[in-house]
Amino acid sequence: MKKNIIFWLAVSALIMLVLPWLAATFIKGDGGLVVCLLLFFVVNPIYSLIVGGFAGRDIRHRWGLPVVSAALFLAGTWVFFDIEETAFILYALVYFALGIAAMLIFMLLRK
């Protein structure tokens with residue numbers, strides 16, 4: 001059980017911290033914009049749904065995974081892009097809401 005949580009925390013760190021760093025560091029110009037749009041509108045929402053679904057399978061022990069995922073996104077974007085950009089808070093709230101919704105849906109489907 002703990003191995004699963006550690007695995008998902010590592011994947012969250014990879015997707016929410018490492019991918020924005022890679023985008024900000026290695027991809028310049030218009031390509032960086034395209035990669036960021038893909039991250040913000042495709043990869044991160046899908047990952048939030050997946051991690052929420054995983055958390056919904058055992059909500060008592062895994063409820064924090066959507067919270068940690070959204071917090072890591074916020075930390076990663078503020079560190080690698082701009083800490084004064086408040087729009088990232090809205091993105092983090094949307095990812096959090098997607099994770100919680102998926103968690104609740106999977107919890108209800110298991111019953």
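The values are calculated or read from the model by the stated rules, or taken from the named source; none is laboratory data. Everything numeric in this text was worked out from a predicted model, so none of it was measured. These area figures cover heavy atoms from the full protein model, side chains too; ligands, DNA and RNA do not enter into them. Shrake-Rupley method; radii C 1.70, N 1.55, O 1.52, S 1.80 Å.
All C-alpha to C-alpha distances of the chain, sorted into 10 Å bins beginning at zero, yield P(r) values of 16, 46, 28, 10, 1 percent in whole numbers.
Tell me the per residue accessible area of the chain using a 1.4 Å probe; a whole number in Å² is fine. Working shown, then result.
Working: 6690 Å² over 111 residues.
Accessible surface, normalised per residue, equals 60 Å².
Overall, the accessible surface of the chain at a probe of 1.4 angstrom is composed of carbon and sulfur to the extent of 75 percent. Rounded to the nearest 10 degrees, the angle from helix 87-110 to the longest Cα principal axis of the chain is 20 degrees. Taking the C-alpha atoms only, the angle from helix 44-57 to the longest principal axis of the chain is near 20 degrees.
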